[in-house]
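Input: a single structure, listed below in structure tokens.
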Amino acid sequence: MEKELYKHRDVNWLFFNERVLLEAANKSTPPLERLKFLAIFSSNLDEYFKVRISQLRQLKKVNKPLRKKLMLRPNKKLKYILGIIDGQQQRFGEILQDIFEALKGYNIYFPDLDSLTDAQKKYVSEYFVENVQEHCEILEMSGNSKLMDGQLYFLVSYLDESFNFVKIPTDKHHRFIEIPGEGVTYLFLDSMIKMNLERLAPEKQITGSYSIKLSRDAELYLEDDYGDTALVERIYDSLGQRKSGQPTRLLYDSKMPEDLKKVLRSHLNLGKVDLFPGGIFHNFSDFFGFDNPTGNPKLNYEQKESLLHPILSDATDFFSCIAEKDRIVHFPYQRFDSVEKFILTAAKDKYVEHIKITLYRIAKTSILTDALLTALENGKKVTMFIEAKARFDERNNIEWGKIFRKKGAQVFFSVPNIKVHSKIALVERVEKQVLRRYAYIGTGNFNAKTAKLYCDHGLFTAHPQITEDLHQVFSTLERKLIVPKLKQLLVSPYTTRATFLRCIENEIKNRIRGKSASISIKMNSLEDKTMIDALYRASDAGVKIRLLVRGFCCLAPKPKDDTYPKREPIQVTSIVDRYLEHGRIYLFENGGEEKMYIGSADWMARNLDRRIEVLTPILDKEVFKELKHILQLQFKDNTKARIQDAADSNESVRKKTGEETIRSQYAIYDYLQLKLKNETMD
């Protein structure tokens, strides 16, 4: 029964990544964008092995009697997962070749070594000697800790039956090197090195060379039962573990002979299930940096510049603008500079006394961090909550935290046993001797770079109850309060779960009473069984439920059933397009008086119980209408939306006869562009 009710999160995640792969396979997607989708797929899969597969491997260490009692069968599950990945990797190779063929039509070529002319081979050899050879590090086969996580190597075998590794220096050279040829011709750095391997060991005779890449466990396994400073320092000092952690996957050239694979397995202490065959190239995330070499606009998506906000962009008095009414911003459709302007205005405003902000992923350089430094220079109080355990951003976050502390900010790092994942800022300003607070509550990070790629929403408000609630949240983070007293905001781990459960139960009661009842939700991930069970109960009672879940979804939609004659099957779709869907919107019909929340929390146990998350109700009628329209556009998407059904088919949503063609991300842009135009005309 359990298997029918809930999908396994790690298995279902693979079908999210499959949706990325399907977008790369889509011939209507411009060729260089297809390459980027392959890069996203590759990057996603690397992190999956570093984190999720790593956790499944940790379960192997549980003794068998206990594992059976816990109903954990990691080996079986792992084999099933790797079987799915194997099929996806084969499809990946086919798509890559198809894209390379398509690029030929644009005079862009990626030849293999066998097709190089003598003149090209001469150029490649000379280039290698002059620019690459000195950076090719040779490692003897002794001690697996020398192979770095995610680094590309060649395993080279010699006639005397010895072996070594050759590091492919992607940290020193671009992965794709332009060489003379027809149109624009590129050679992989890997191929250049492979062609010249004999120069690295001229005294030996090479019998084979095979590309490999090792993924390692990315978890730090730190206990949190010590103070803020000790925790941060221990995290910082332990970051090197990722380079030498437990191996979780060896990706290798499928042409590698069996005897060499056995040597490699023994050397790296891997099981058969940990070896993964691939092509001659790995690390396709490098295609993120591949620019349009010819400038042909058909190679990429059409340009869409981020729009000005119709009010905030021209506001001469930012605080009065927010005090007048709530303002909503939508990224990447609108510019992130409204958030930067909020902090920069506060930093320079003589009436502002205090700025408080949570930072989950900090950009290495940004206008926002400069604005916070300006605030300190201007004598403002600045209180910051920096998450030291934001996976893969720990080092940068901690270094920024140290800088801000040195400049005089009050910096709090990780709360023991919990992550601060909320996206909130609070400005305290004295106006006519009265303290007035201004808040920003968002669904995405305070990061200008990701704001160009991630679809997110942010609310600016001066609403007294909301800003007082946010003050309570910050006081809790500052450890002045144990539990915040809240009237409007939903805050995990205190009120989010209970409030959402009440909202669902309210819809069930309304449906039983004969009223119209519906739930419409957009989120990144749905995993929590309690929330899923509540949705099942609502569905069985006849509540209409519409879900848009970008990533994994552990809910398995049920068909109509005679046992539950009122059941309304839950509709679940997912959108993968040029931007990454990242916003969280929760809409409940509430007997005709709709309730809507936006914020940082998905419906995963960690977001509801083990993280500081903040969601705000949408109280302003115009903002409510705008967000609801955007949500409805996404539910109507019949161009990029795919169905998440019980069978994980990932079938495309089909346009019905007479139905308008809607590509929601483009429709949202057009909608906001029209609002801007109308506001400008007014």
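Tell me which residues, restricted to region 312-364, are open to solvent by 30 Å² or more (accessible area, probe 1.4 Å), of a type outside the set (Asp, Glu) and part of a loop (DSSP other than H, G, I, E, B). Even if it seems obvious, please write down each step before you answer.
Pass one, region 312-364, residues open to solvent by 30 Å² or more (accessible area, probe 1.4 Å): 313-314, 316-317, 320, 323-325, 335, 337, 341, 344-345, 348, 350-351, 353, 361, 364.
Then drop every residue that is not of a type outside the set (Asp, Glu), which leaves 313, 316, 320, 323, 325, 335, 341, 344-345, 348, 350-351, 361, 364.
Listed by number, the residues that qualify are Thr316, Lys325, Arg335, Lys350, Tyr351, Arg361, Lys364.
Ile280 is checked against (1) open to solvent by less than 30 Å² (accessible area, probe 1.4 Å); (2) within 30 Å of Leu35 (Cβ to Cβ); (3) not in a strand (DSSP E or B) and fails just one. What number does that condition carry?
For Ile280, the exception is condition (1).
Between a residue in region 85-104 that is under 18 Å from Ile40 (Cβ atoms) and open to solvent by 20 Å² or more (accessible area, probe 1.4 Å) and any residue that is at pLDDT below 95 and in a helix (DSSP H, G or I), which pairs come within a Cβ distance under 9 Å, given they are 6 or more apart or on different chains?
Final answer for the pair search is Gln89/Leu45.
Looking only at residues that are open to solvent by 50 Å² or more (accessible area, probe 1.4 Å) and not polar (S, T, N, Q) in region 19-51, which one is nearest to Tyr252 (Cα to Cα)?
Filtering region 19-51 down to residues open to solvent by 50 Å² or more (accessible area, probe 1.4 Å) leaves 22, 27-28, 36, 40, 47.
Among the residues that remain, those that are also not polar (S, T, N, Q) are: 22, 27, 36, 40, 47.
Details: Leu22: 24, Lys27: 28, Lys36: 22, Ile40: 20, Glu47: 17 Å.
Checking each candidate, the answer is Glu47.
Every residue in region 442-498 that is more than 21 Å from Glu428 (Cα to Cα) and part of a helix (DSSP H, G or I), please.
If the condition is that a residue be more than 21 Å from Glu428 (Cα to Cα) and part of a helix (DSSP H, G or I), then Thr450, Ala451, Lys452, Thr496, Arg497, Ala498 are the ones that fit.
Being over 16 Å from Lys341 (Cα atoms) and either more than 16 Å from the chain's Cα centre (by Cα) or of a type in the set (Asp, Glu) (or both) is the filter here, so list the residues in region 424-456 that pass it.
Scanning region 424-456 gives Val430, Glu431, Lys432, Gln433, Val434, Leu435, Arg436, Arg437, Asp456.
(1) touching a residue at least 60 places away in the same chain (Cβ under 8 Å); (2) touching a Ser or Thr at 6+ places or on another chain (Cβ under 9 Å); (3) surrounded by fewer than 18 Cβ atoms within 10 Å (Cβ to Cβ); (4) assigned to a loop (DSSP other than H, G, I, E, B): which one isn't true of Ala646, the others all being true?
Every condition holds for Ala646 apart from (2).
What's the number of the condition Ile585 fails, among (1) more than 30 Å from Ser652 (Cβ to Cβ); (2) surrounded by fewer than 23 Cβ atoms within 10 Å (Cβ to Cβ); (3) of a type in the set (A, V, I, L, M, F, W, C)?
Going through (1) more than 30 Å from Ser652 (Cβ to Cβ); (2) surrounded by fewer than 23 Cβ atoms within 10 Å (Cβ to Cβ); (3) of a type in the set (A, V, I, L, M, F, W, C) one by one, Ile585 breaks only (1).
Residue-wise test of (1) open to solvent by 50 Å² or more (accessible area, probe 1.4 Å); (2) over 21 Å from Pro257 (Cα atoms).
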site	(1), (2)
Leu116	no, yes
Gln120	no, yes
Tyr123	yes, yes
Asn131	yes, yes
Leu147	no, no
Leu159	yes, no
His174	yes, yes
Glu203	yes, yes
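Which of the following residues is surrounded by fewer than 18 Cβ atoms within 10 Å (Cβ to Cβ), of a type in the set (Lys, Arg), touching a residue at least 12 places away in the same chain (Cβ under 8 Å) and closer than 18 Å to Leu548 by Cα: Lys640, Lys595? Give the steps one after another, and end with the answer.
On the way: Lys640 fails: surrounded by fewer than 18 Cβ atoms within 10 Å (Cβ to Cβ).
Of the residues listed, the single one that is surrounded by fewer than 18 Cβ atoms within 10 Å (Cβ to Cβ), of a type in the set (Lys, Arg), touching a residue at least 12 places away in the same chain (Cβ under 8 Å) and closer than 18 Å to Leu548 by Cα is Lys595.
Mind counting the residues in region 513-523 that are surrounded by fewer than 21 Cβ atoms within 10 Å (Cβ to Cβ), of a type outside the set (Ser, Thr, Tyr) and either under 26 Å from Glu581 (Cβ atoms) or in contact with a helix residue (DSSP H, G or I) (Cβ under 6 Å, 6 or more places away or on another chain) (or both)? Lay out the reasoning, then the answer.
Looking only at region 513-523, we keep the residues that are surrounded by fewer than 21 Cβ atoms within 10 Å (Cβ to Cβ), and these are 513-516, 518.
Still in the list and also of a type outside the set (Ser, Thr, Tyr): 513-515.
From what's left, either under 26 Å from Glu581 (Cβ atoms) or in contact with a helix residue (DSSP H, G or I) (Cβ under 6 Å, 6 or more places away or on another chain) (or both): 515.
Matching residues across region 513-523 total 1.
If the Cβ limit is 6 Å and pairs must be 6+ apart or interchain, which residue in region 496-512 that is within 21 Å of His421 (Cα to Cα) and in contact (Cβ under 8 Å) with a residue 40 or more places away in the chain pairs with which residue that is aliphatic (A, V, I, L, M) and open to solvent by less than 50 Å² (accessible area, probe 1.4 Å)?
Listed by first residue and then by second, the contacts come to Thr496/Leu490; Thr496/Ala601; Thr496/Leu608; Arg497/Leu608.
The values are calculated or read from the model by the stated rules, or taken from the named source; none is laboratory data. Nothing here was measured: the structure is a model prediction, and the numbers come from that model. Note that each Cβ is placed from the backbone with ideal geometry, even for glycine, and that neighbours are counted across all protein chains shown. The protein model used for the area step is the full one, side chains on, heavy atoms only, and it has no ligands, DNA or RNA in it. Shrake-Rupley method; radii C 1.70, N 1.55, O 1.52, S 1.80 Å.
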